[in-house]
Every structure is written in C-alpha cells, then in structure tokens.
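Remarks on the structure that follows.
The values are calculated or read from the model by the stated rules, or taken from the named source; none is laboratory data. In this text, all values refer to a predicted model and were calculated from it rather than measured experimentally. Positions of Cβ are backbone-derived with ideal geometry, glycine not excepted, and every protein chain shown enters the neighbour counts. Remember, those area values only see protein heavy atoms, side chains included, never the ligands or the DNA or RNA. Shrake-Rupley method; radii C 1.70, N 1.55, O 1.52, S 1.80 Å.
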Amino acid sequence: MKKGRLLLACVLLVSMLSGCGSSDGAEGKVKLEFFQNKPEAKGSFDKLIAKFNQTHPGIVVSQINPPDAETVLKTRVVKNDIPDVIALGATDTYSILAQSDIFTDLTQSKLLDTIEPNYIKMLKDITGMDRVTAVPYATNANGIMYNKTIFKEMGLSVPRTWDELIATAQKVKDNGMIPFYLTYKDDWQTNLPFNALAPNLVGIDFFKQLREGKVTFKEKFREVAEKQLKLLDYGHGDNFGKNYADGNRAFAKGEAAMYIQGSWAIPEIRKANPKADIGFFPFPTGNDPDQIKLISGVDTLLTISEDTKHKKEAEEFISFLLEPENIGQYIQEQTAFAAVKGVNQEDPAVAGLLPYLKEGKVLDFADHYLPAAMQLNSIVQGFLQNRNIDGYLQTLDREWDKVQSRK
C-alpha cells in the first residue's frame, strides 16, 4: 500500500462501515464496476449503462449505488477495494481521495479535450494539485427560483442587485405573501445563501489564502454574515421548522414568490406540480450586476481507479458517457448542466442562468473548499438561530484551525 494511501486509511478509519459492491457479467468479458453516489441519478445511469453494454459486447458495466455512498467508498478505500470507475461530486471527499494516489492521473488525457476549462480549474483549486484526476461531467447551479405567475401578477422584475432583491422581497411581504420559503430545519439548506454570498463577496481565492494562513473568517466574512441574517426577515415565520421536502411542495403550490435553492430541486418541485411556472436567476449578492457570478460546481465527476486492471475499458466507458447524445440525455433527465462544451440544457426553467454559463461567469460552491470535519452546515444553522455574528466568525476560525491541526 502506498504511503499516501496508508495515511488516508488512518484518516478515514473512523468513518468505516461494512459493505461493498461486486460486478457480474458473462464469462470472458471485461467486467467494470461503476460506483456512483447519487441515488436520484441511478435510473439515468442504468439507461446509459444498458446502452453501453449493448454496443460494447466485450465489456459489462455494473452500477453500484449504495446508501451513504461516500462513507461506503471511504471504507472500500481503506480495504484497498476500489471500484474501477467512480462518480462523485467535487467535494472534500474527492479532494482527500485525489491527494492520496487513489485515482489515475488524467492530466494529459484526451477525455478532457471537450471539457469546459472552468470546471477543470475548479478541480485543481479544490485539491490544490496541478494534476487532474477526474473528468468533470455534470454541473449544477445554486441561485434563486421564482414563481413567474406571482411576479407577473405583482408587476415584479427579476432583481439584478442585492438592493433590488431586498426591495422585491419587501414588496412581496407588503402584499401579504411569503418572499422566500426558507427550509432551515435541514442544516444543509442553511448553507445555500452562504455558498452564493461567500464566493461573490469575498472571492474564491479566500480559501486558498485560508489554507496558507493569510486570512481569517473574522477579517473577511462580516458582510456575508450580515446578509445571511437579513434574509431571515423575509421568510415565513417557521424558518427552522420546514425542511427541503416541505419547501419543494410549498413552492410548487405557489406559497412563496422565491426559493433560494439549487437546480437539483426542479424535478422534485415538478413532482408536486408539473405545471409549476418556474424561473431561475443568479443570487444577486452585491450592487454591481456586472460583477455577479453564478454559483455552479461539479455535481458529478468521473474518475478511474489507479489500481484497475482495465484502464483502457474504463476510459472507453467514460468516453461513451461524454458523447453529446449521452450526456445530453443525462442532463435533461437530471435538470443538470453539462461540463462538455456545446452540450446545452434546454429546460426553460433555467433559461436565465444560461448566459452566465456560456460566458463562463461562474464561481464554485464555497463549501467545496471546506473540510467536512468542520461541520459547516451545523455552524451556519446555529448562527442563524442565535444571530451572533462575532461568535459565528470566531467559530468558523476555531473549527478551521482544529481541522488543520489534525493534519
């Protein structure tokens, strides 16, 4: 076992769970195990895998999609039982694994030729490495959905600045409706405004400087914190009593004018109301509309195990997934966006986001740069409940320092 992998085993041992996947197929064929972490994407990948297996008779791909997939994957890494091809989000888990010699170096791979450079750079920024060990596949977006019917009835325009956003929320409130349907019972939902405000107001370079010990949250994040609190004035009175599922149903039924959310929620909203007239705009975090960037990160990336005996076939499978027809099918079913150049999302609900994506006016999610051990979601939720800005910023700095001291 390599030194980096041995170190990773120590780091991940605390989160070990039992269970692993297996591949099966006809005798004499190359068997590839495809491990992916999104339960909502299982059906889409099943269709693509069936198509691949039919058109590539010498290879059999089997999908593994267990509950709590990232924990299962960490367990398997500790056991040196790594799937051939892995799909993950570009999160702290990916960063840890990428730095530990788990994945094949794809820096010079032709698989990256059709990928938007912004998303390749995101992977480098997240890991802090010059090497690229994954292929960005599908991306998502974090912004503000709005009910087009309500906006039309109230004569509202899509806000392009922070001041316009607050003025719009106030008009909705004055008309006796809920401006933002907040779903802060789920701690991860409290982090959605943070993910938009921090990169736009502070800059994504903050996190690189944080790693180098050059900046602190206390120095840079007061405006972020103040704006997080301001949004609470325009919720619905039970902001910490409603969860993600509640919000999707309520927004689908027209109970609020706006919904701070990710593109991943659109299919869930449509399950509750297929006729929901949804619009979507980037979160206007400041007052210069030309400086506002869309928060869009790598929702699914594709990696190849360094230890697989079938790298050629693994590359063939990833190349198949990247073909415009195939990734086009995936993003339409998942209401996602493609990291592949020239493959566009045609859903009218996200039309307002497309110019930002086409022009490369995007920034990554802030929490992709923070270790899971910080428990950011819990910190943010606690802050929004106690409203203590100084305590919040001190806690962020303290928890960051704790995680760094363990390395």
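If you scan the range 364-376, which residues turn out to be of a type outside the set (Ser, Thr, Tyr) and within 14 Å of the chain's Cα centre (by Cα)?
Passing the criteria: ASP364, PHE365, ALA366, ASP367, HIS368, LEU370, ALA372.
In the range 314-339, which residues are over 22 Å from the mean Cα position of the chain (by Cα) and buried (at least 22 other Cβ atoms within 10 Å of the Cβ)?
ALA314, PHE317
Go through (1) closer than 30 Å to ASP113 by Cβ; (2) in contact with a Ser or Thr (Cβ under 6 Å, 6 or more places away or on another chain) and name the single condition PRO289 misses.
(1) is the only condition that PRO289 fails.
Counting only residues that are touching a helix residue (DSSP H, G or I) at 6+ places or on another chain (Cβ under 8 Å) and either closer than 30 Å to PRO289 by Cα or of a type in the set (Val, Ile, Thr) (or both), how many does the range 362-389 have?
Count: 18.
Of all residues in the range 173-200, how many are in a helix (DSSP H, G or I) and either closer than 20 Å to ASN287 by Cα or out of contact with any strand residue (DSSP E or B) (no Cβ under 8 Å at 6 or more places or on another chain) (or both)?
Total meeting the criteria: 15.
Within the range 214-238, count every residue that is surrounded by 14 or more Cβ atoms within 10 Å (Cβ to Cβ), part of a loop (DSSP other than H, G, I, E, B) and more than 23 Å from the chain's Cα centre (by Cα).
4
Suppose the filter is touching a Pro at 6+ places or on another chain (Cβ under 9 Å) and surrounded by fewer than 22 Cβ atoms within 10 Å (Cβ to Cβ); does ASN53 pass it?
Here the answer is no, as ASN53 does not meet what is asked.
Under 7 Å between Cβ atoms, which residue pairs at least 6 apart in sequence (or on different chains) link something in the range 171-197 that is of a type in the set (Lys, Arg) with a partner that is part of a loop (DSSP other than H, G, I, E, B) and open to solvent by 10 Å² or more (accessible area, probe 1.4 Å)?
That search, which allows pairs on different chains as well, returns LYS171/LEU156; LYS185/PHE240; LYS185/GLY241; LYS185/LYS242; LYS185/ASN243.
Given the condition farther than 17 Å from ASN386 by Cα, open to solvent by 30 Å² or more (accessible area, probe 1.4 Å) and at pLDDT 95 or above, answer yes or no: does some residue in the range 256-264 qualify?
no
Can you tell me how many residues within the range 98-148 are aromatic (Phe, Trp, Tyr) and under 15 Å from the mean Cα position of the chain (by Cα)? Don't jump to the end; show me each part of the working.
Narrowing the range 98-148 to residues aromatic (Phe, Trp, Tyr): 103, 119, 137, 146.
Those still in the list that are under 15 Å from the mean Cα position of the chain (by Cα) too: 119, 137.
Of the residues in the range 98-148, 2 are aromatic (Phe, Trp, Tyr) and under 15 Å from the mean Cα position of the chain (by Cα).
Here are some conditions: (1) open to solvent by 10 Å² or more (accessible area, probe 1.4 Å); (2) in a loop (DSSP other than H, G, I, E, B). VAL132 meets all but one. Which one does it not meet?
Every condition holds for VAL132 apart from (1).
Can you pull out the residues in the range 97-124 that are part of a helix (DSSP H, G or I) and either aromatic (Phe, Trp, Tyr) or in contact with a helix residue (DSSP H, G or I) (Cβ under 7 Å, 6 or more places away or on another chain) (or both)?
Result: LEU97, ALA98, LEU111, LEU112, TYR119, ILE120.
Look at LYS361 and say whether it is basic (Lys, Arg), open to solvent by 20 Å² or more (accessible area, probe 1.4 Å), in contact with a Ser or Thr (Cβ under 8 Å, 6 or more places away or on another chain) and in contact (Cβ under 8 Å) with a residue 12 or more places away in the chain.
When the stated conditions are applied, LYS361 does not pass them.
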